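Here's the structure we're looking at; comments come further down.
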Protein chains: 2
Amino acid sequence: MRQSKRTQILDAAFRVVQRAGVRAVTFESVAAESGLTKGGLLYHFPSREALLEAMHGHMAQRWEEELEGAVGGAAGEVSARERSAAYAAVTARSSTRAELLLMLEGANEPAMCAPWHGVLERWAPAPVSAEPSRRELEAFVHRLAADGLWLYESLAERPLDPRVRRRVAEYLAAASAEGPEEDEDGDA
Amino acid sequence: MRQSKRTQILDAAFRVVQRAGVRAVTFESVAAESGLTKGGLLYHFPSREALLEAMHGHMAQRWEEELEGAVGGAAGEVSARERSAAYAAVTARSSTRAELLLMLEGANEPAMCAPWHGVLERWAPAPVSAEPSRRELEAFVHRLAADGLWLYESLAERPLDPRVRRRVAEYLAAASAEGPEEDEDGDA
DNA sequence: CAAACTGTACCGGATGGAAGGTACAGTTTG
DNA sequence: CAAACTGTACCTTCCATCCGGTACAGTTTG
């Protein structure tokens, strides 16, 4: 068997989104970007919908892998605080506008967003209780700030000054580390 | 002169984006949503591009008005802290997925994003210095958290529990208020 | 005052091209 | 061999855009 170029196609599709938005994802544009032909794409993805769905799945999978790499294990094996810190760190360093666009555009269709809803639920869930503790609240606010940074870099004309960016990252990391350790294992 | 339905059209276009994304903004869909016809839309907006551009401008204008309403004056007339608090408050209460989608999709074209880049620059700018003070850093982090909340509510399958949401808003508001007042006027 | 005129706001259908999707016969490569 | 493609041709739907025409408010002019 020849080596499949499936992931190569998906990566090309992400570049198209990054450059020109989800709307620009057509069989023709992705074929040109990936160096394959329209027929070749259709071999892997029978429809545009299927291609977009695969992009969501691919994104979620890479995301989970990066998070697991950051903590050195699966989500269920580490504490809530470690997961939270890993989320902030990973989000701060490897979030792209393409991912944001894809997620927002697919947020209405369950088949699209199910994969990354899982990731978010495992690694950076919203407070479970309606009356969260100060610790839970701060953890959530820091998750939101990490997401805000992601958004910022996707919208700004120029990227944030790297030194400011590092100070923000440090601030969020320090905040997740301070205070006494609560005993809490992962399988909630 | 008859009363123009221009803003009515723009509002309808936002509803289309909210429901089905930027891609779904066609003359037909917006015509149906607004109760006018394709020809009527074309009278106001000579092209699809022009319609999208007008949406960006309209959004920025309403945004600025809400911010000015929150502080009771123009951006140049109040302190940096007031602007920052107003930004968090307004963002937390009246941010929609449609706005986010529109901004992200138009972030590459200067003609689209110029209006709201102005709003952001006036009301919630990133730290000017590469070595920001702790105060500046925290203000920026809280802006990011407000944006993160915006993103959260645009992506989640269910809206955040209102009580949690209020606690987050209170947390951000309290954080912007504490500490000694620095003397700083608006016209930087 | 009223007929004539002007310009804005809007209707509704026609058109042409771009893009999704189908079909299938040939080619490369592990 | 068989999976993984290439390449071409074609159909169909959708959608941006164009444009001739209608309704009507306001203004001019006799």
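Checked against (1) within 13 Å of chain B (Cβ to nearest Cβ); (2) in contact with a helix residue (DSSP H, G or I) (Cβ under 8 Å, 6 or more places away or on another chain); (3) free of Cβ contacts under 8 Å to residues at least 60 places away in the same chain; (4) more than 15 Å from DNA strand D (Cβ to nearest atom), A:T26 passes all but condition (4). Screening the stretch A:26-37 for residues that are more than 6 Å from DNA strand C (Cβ to nearest atom) and open to solvent by 70 Å² or more (accessible area, probe 1.4 Å) and picking the one that is farthest from A:R6 (Cα to Cα) gives A:A32.
Here B:A20 passes the criteria (1) more than 13 Å from DNA strand C (Cβ to nearest atom); (2) among the small types (G, A, S); (3) open to solvent by less than 30 Å² (accessible area, probe 1.4 Å) except the one numbered (3). Listed by first and then second residue, the pairs linking a residue in the stretch A:29-53 that is within 14 Å of chain B (Cβ to nearest Cβ) and part of a loop (DSSP other than H, G, I, E, B) to a residue that is open to solvent by 30 Å² or more (accessible area, probe 1.4 Å) and within 8 Å of DNA strand C (Cβ to nearest atom), with Cβ atoms under 6 Å apart and 6 or more places separating them unless they lie on different chains, form an empty list.
So how many residues does the stretch A:153-172 have that are facing chain B (nearest Cβ under 7 Å), open to solvent by less than 40 Å² (accessible area, probe 1.4 Å) and part of a helix (DSSP H, G or I)?
4
Flag: B:H58 does not match the condition of being in contact with a helix residue (DSSP H, G or I) (Cβ under 9 Å, 6 or more places away or on another chain), more than 14 Å from every other protein chain (Cβ to nearest Cβ) and within 11 Å of DNA strand C (Cβ to nearest atom).
Of all residues in the stretch B:108-128, those being within 8 Å of chain A (Cβ to nearest Cβ) and either surrounded by fewer than 17 Cβ atoms within 10 Å (Cβ to Cβ) or assigned to a loop (DSSP other than H, G, I, E, B) (or both) number 4. Return yes when B:E66 is assigned to a helix (DSSP H, G or I), touching a residue at least 60 places away in the same chain (Cβ under 8 Å) and surrounded by 14 or more Cβ atoms within 10 Å (Cβ to Cβ) and no when it is not. Answer is no for this residue. For B:E105, the conditions (1) within 24 Å of A:Y171 (Cα to Cα); (2) facing chain A (nearest Cβ under 7 Å); (3) touching a residue at least 12 places away in the same chain (Cβ under 8 Å) are fulfilled apart from (1).
Please work out if B:R15 is more than 16 Å from DNA strand C (Cβ to nearest atom), closer than 21 Å to A:R23 by Cα, out of contact with any helix residue (DSSP H, G or I) (no Cβ under 7 Å at 6 or more places or on another chain) and in a helix (DSSP H, G or I).
On the way: more than 16 Å from DNA strand C (Cβ to nearest atom): yes; closer than 21 Å to A:R23 by Cα: yes; out of contact with any helix residue (DSSP H, G or I) (no Cβ under 7 Å at 6 or more places or on another chain): no; in a helix (DSSP H, G or I): yes.
When the stated conditions are applied, B:R15 does not pass them.
Among the residues of the stretch B:69-82, those that are open to solvent by less than 30 Å² (accessible area, probe 1.4 Å) and either assigned to a loop (DSSP other than H, G, I, E, B) or modelled with pLDDT of 95 or more (or both) comprise B:G73, B:V78, B:S79.
Which one of these does A:A139 not meet: (1) facing another protein chain (nearest Cβ under 10 Å); (2) modelled with pLDDT of 90 or more? Going through the list (1) facing another protein chain (nearest Cβ under 10 Å); (2) modelled with pLDDT of 90 or more, A:A139 breaks only (1).
The values are calculated or read from the model by the stated rules, or taken from the named source; none is laboratory data. These numbers come from a predicted model, not from an experiment. Virtual Cβ from ideal backbone geometry, glycine too; neighbours counted across all protein chains shown. Protein only, heavy atoms only, side chains kept; ligands, DNA and RNA dropped before computing areas. Shrake-Rupley method; radii C 1.70, N 1.55, O 1.52, S 1.80 Å.
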